[in-house]
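Bear in mind that the values in this text are calculations on the coordinates, not laboratory data. Computed from a predicted model, the values in this text were never measured in an experiment. Please note: Cβ atoms are built from the backbone with ideal geometry, for glycine as well, and neighbour counts cover all protein chains shown.
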Amino acid sequence: MFPVADTAPAPTGALATRLLILANALVFLLELALPEEVREEFFYLFGIVPARFTHPRWAEWVGFPVDTYWPFLTYMFLHGGWIHILGNMWTLWIFGDNVEARLGSLRFVFFYLFCGLCAALVHMETNPDSTLPTVGASGAIAGVMGAYFVWFPRARIILLVPIFFFPFFFEVPAFFYLGFWALSQWFSGSLALASPTEVGGIAWWAHVGGFIAGATACWVFRIGKPKTRPLQPDEMAHLWAWHSRR
């Protein structure tokens, strides 16, 4: 299932969401310009390698810089390939503008970074001995999805589901789609922990940690911000635009 769009009112501007997408894109172009062996070293230095922080003597022996915690920020802006960054940025574009409208642009940036930090800490806690680098914005974006889950549960998510190479479109409540997504990450993460060997790939628990952080902390980041005026019945016609085309 791949989200195509949502029916929540799209606010104008979304400056912070656009700037975050731009920052990720620029860093990705920088990655592409690096030779492959340099790019791998780049990921190890600026991605999250849990054993680097849980086993400092090993990290020093291997040659990691000592007493630097920049990777907890920089890992959010690194991506392993075109599918990785395009999927993350598209998801951020769909869910980010509405959450940004609730928080305001500056608070949204801090909220985004906070969720990414929580995602990294959960990943490190659940994979303390991993020597593989974890990169990507998906933990921070999972936090945005968690806030969307709390604030826009009745919005509709339009999903693309390929069946035998044919695209089919389905519309489901945001509460159902995001809840199912979060449970699938938890289930996959649990299976990964049960594996007897270290497995690279998707950081399932980073997604879980980011989602929970976003769903629980979104109200904290909104403290002191004036409440938005609720929509009146005659202002909600756009919410049903998708229905009118079916």
Using alpha carbons only, how many angstrom separate the centre of region 85-139 from the centre of region 26-61? 18 Å
Residue among THR7, THR216, LEU26 farthest towards the positive dipole end of the chain, charges placed on Cβ: THR7
Which entry in [x] 7, 34, 39, 17, 2, 0; [y] 7, 29, 34, 21, 7, 2, 0; [z] 7, 31, 38, 20, 3, 0 matches P(r) over Cα pairs in 10 Å bins from 0, in percent derived from the coordinates of this structure? [y]
For HIS55 and TRP219 in the same chain, what is the full-extension length gain: residue separation times 0.36 nm, less their Cα-Cα distance, in nm? 55.5 nm
Shape of region 112-213, Cα gyration tensor, a/c cut at 1.5: oblate
Could you work out how far helix 105-126 tilts from the main Cα principal axis of the chain, as a 0 to 90 degree angle to the nearest 10? 50 degrees
In the Gaussian network model of the chain, springs joining C-alpha atoms below 10 Å, which of GLY63, GLY116, GLY146 carries the largest mean-square fluctuation? GLY63
Springs between alpha-carbon atoms under 10 Å, Gaussian network over the chain: tell me which of TRP205, TRP61, TRP151 tops the mean-square fluctuations. TRP61
For the modelled label position 7 Å from the Cα of LEU19 along Cα-to-Cβ, which residues of region 73-109 have backbone nitrogen atoms closer than 13 Å? 104-109
With a ≥ b ≥ c the root eigenvalues of the C-alpha gyration tensor of region 147-193, is it rounded (a/c under 1.5), prolate (a/b larger than b/c) or oblate? oblate
Rounded to the nearest 10 degrees, what's the angle between the helix 82-103 long axis and the longest principal axis of the chain, both from Cα atoms, 0 to 90? 50 degrees
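Assigning unit charges at the beta carbon (Lys, Arg +1; Asp, Glu -1) and nothing else, what dipole magnitude in debye, to the nearest 20, does the chain show about its Cα centre?
On the way: 14 positive and 16 negative charges, 218 e Å.
About 1040 debye.
Would you work out if region 22-158 is rounded, prolate or oblate? Take a ≥ b ≥ c from the square roots of the eigenvalues of the alpha-carbon gyration tensor; rounded if a/c is under 1.5, else prolate when a/b is larger than b/c, oblate otherwise. Write down the numbers at each step before the final one.
Values: a/c = 2.41, a/b = 1.65, b/c = 1.46.
Prolate, since a/c reaches 1.5 and a/b exceeds b/c.
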Which one, TYR112, TYR69, TYR177, has the greatest fluctuation when you compute a Gaussian network model over the chain with C-alpha springs under 10 angstrom? TYR69
Extreme residue, positive dipole direction of the chain, given options PHE64, ALA101, HIS123 (C-beta unit charges): ALA101
What number, in percent, do you get for the relative contact order of the chain if the mean sequence gap of Cα pairs under 8 Å and at least 6 apart is divided by its residue count? 27 percent
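Rank these for me by crowding, SER184, SER138, going from fewest to most other beta carbons within 10 Å. Before the final figure, lay out each step's value.
Numbers: SER184 13, SER138 25.
Listed from fewest to most nearby Cβ atoms, that is SER184, SER138.
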